[in-house]
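To keep things clear, I will list the structure first and then write my remarks on it.
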Amino acid sequence: MHLHTPGTNLSLDRPVVMGILNVTPDSFADGGHFLDPGAAIARARTMIGEGAAIIDIGGESTRPGAVPVTAEDEMRRVVPVIEALAGTVEAVISVDTTKPEVMAAAIAAGADMINDVNALRAPGALDVVAAADVAVCLMHMQGEPRTMQQDPCYADVVAEVSAFLAERARHCVDAGISRSRIVVDPGFGFGKTLAHNLQMMRHLDRFSSLGLALLVGLSRKSMIGAVLDRPVRDRLAGSLALAVLAVARGARILRVHDVGPTVDALRMIAAVDAVEPSDAEG
């Protein structure tokens, strides 16, 4: 499997890591750390050095209860970082946004991928991506960030999320976006209770049956805190456990804060998978 972007066909034969870069004051794990463009650019280069194949740059927090920002503020945050990285690093540059104006500005600045928690449902968003050659990640979210955790409800969370992602992918294909450009993300923590998240994790392989590259974002999320009773800064072990489980159940892209440890986990998986019977016998 490959993910087509303007600059490359990124191989997903083995899972890859997407490093999270929030250029925001209020994201739940790293808000305010990389609001300065210089700090953000340095952080991106560090994550690439640790093995990130994709850098996902976000200028608006989508944590539960997050306050929306204007397109102008979002562009002011992300565009300088994209411009500094595009064409100068060996990584796919993604922008995490729901706004068509920001998508267009990011693509013009050199972004290779759009990561949209709203799955291109905003008016004009689908047209912007269809007119470019960029990849796109379609995520499921019930409601919107300010209210999504107030009372999420499903009859069958896995079936409903899978059906939604299949429908959004069909809209993309109908608009001329090839399946090789499409990634799907079930949206852990986006309008889901702990029980919903655990159900999706248990049956993650059902999302792989869509035949599209599967991305999961589990890093440091509240489901880990709920199970382990750990604050955000102490959720690395839980994040790595879920990352390994996700790969075993079909995930091809892991969206994470802790790039180096996650890359190490993937290298161990690859080493085990590479062993031939004769090697084990020796």
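The values are calculated or read from the model by the stated rules, or taken from the named source; none is laboratory data. Note that this is a predicted model, so its numbers are computed, not measured. Neighbour counts run over all protein chains shown; Cβ positions are idealised from the backbone, glycine included.
Filtering Ala243, Ala274, Ala251 for residues that are hydrophobic (A, V, I, L, M, F, W, C) and surrounded by fewer than 18 Cβ atoms within 10 Å (Cβ to Cβ) leaves a single hit, Ala274.
For residues that are surrounded by 13 or more Cβ atoms within 10 Å (Cβ to Cβ) and assigned to a helix (DSSP H, G or I), scanning just segment 229-238, find the one that is farthest from the chain's Cα centre (by Cα). Residue satisfying both the conditions and the ranking: Asp234.
Selection of segment 241-282 for residues being without any contact (Cβ under 8 Å) to a residue 60 or more places away in the chain and touching an Asp or Glu at 6+ places or on another chain (Cβ under 8 Å) yields Arg249, Gly250. Say whether the condition of being surrounded by fewer than 24 Cβ atoms within 10 Å (Cβ to Cβ), farther than 16 Å from Val183 by Cβ, modelled with pLDDT of 95 or more and of a type outside the set (A, V, I, L, M, F, W, C) is met by at least one residue in segment 50-69. For segment 50-69, residues surrounded by fewer than 24 Cβ atoms within 10 Å (Cβ to Cβ), farther than 16 Å from Val183 by Cβ, modelled with pLDDT of 95 or more and of a type outside the set (A, V, I, L, M, F, W, C): present. Considering segment 163-205, the residues that are touching a Cys at 6+ places or on another chain (Cβ under 6 Å) and either of a type in the set (Val, Ile, Thr) or surrounded by fewer than 23 Cβ atoms within 10 Å (Cβ to Cβ) (or both) include one that is farthest from Met223 (Cα to Cα), namely Ile182. Of the set (1) crowded, with 23+ Cβ neighbours inside 10 Å; (2) under 29 Å from Gly38 (Cα atoms), all apply to Asp133 but (1).
Within segment 5-26, restricting attention to residues that are more than 16 Å from the chain's Cα centre (by Cα) and part of a strand (DSSP E or B), which residue is farthest from Ala86 (Cα to Cα)? If we take residues in segment 5-26 being more than 16 Å from the chain's Cα centre (by Cα) and part of a strand (DSSP E or B), then Ser11 is farthest from Ala86 (Cα to Cα). What pairs come up if the first residue lies in segment 157-170 and is part of a helix (DSSP H, G or I), the second is of a type in the set (D, E, K, R) and surrounded by fewer than 21 Cβ atoms within 10 Å (Cβ to Cβ), and their beta carbons are under 8 Å apart, counting only those six or more places apart or on different chains? Taking only residues 6 or more apart or on different chains, the pairs are Val158/Arg206; Ser162/Arg206; Arg168/Arg121; Ala169/Arg179.
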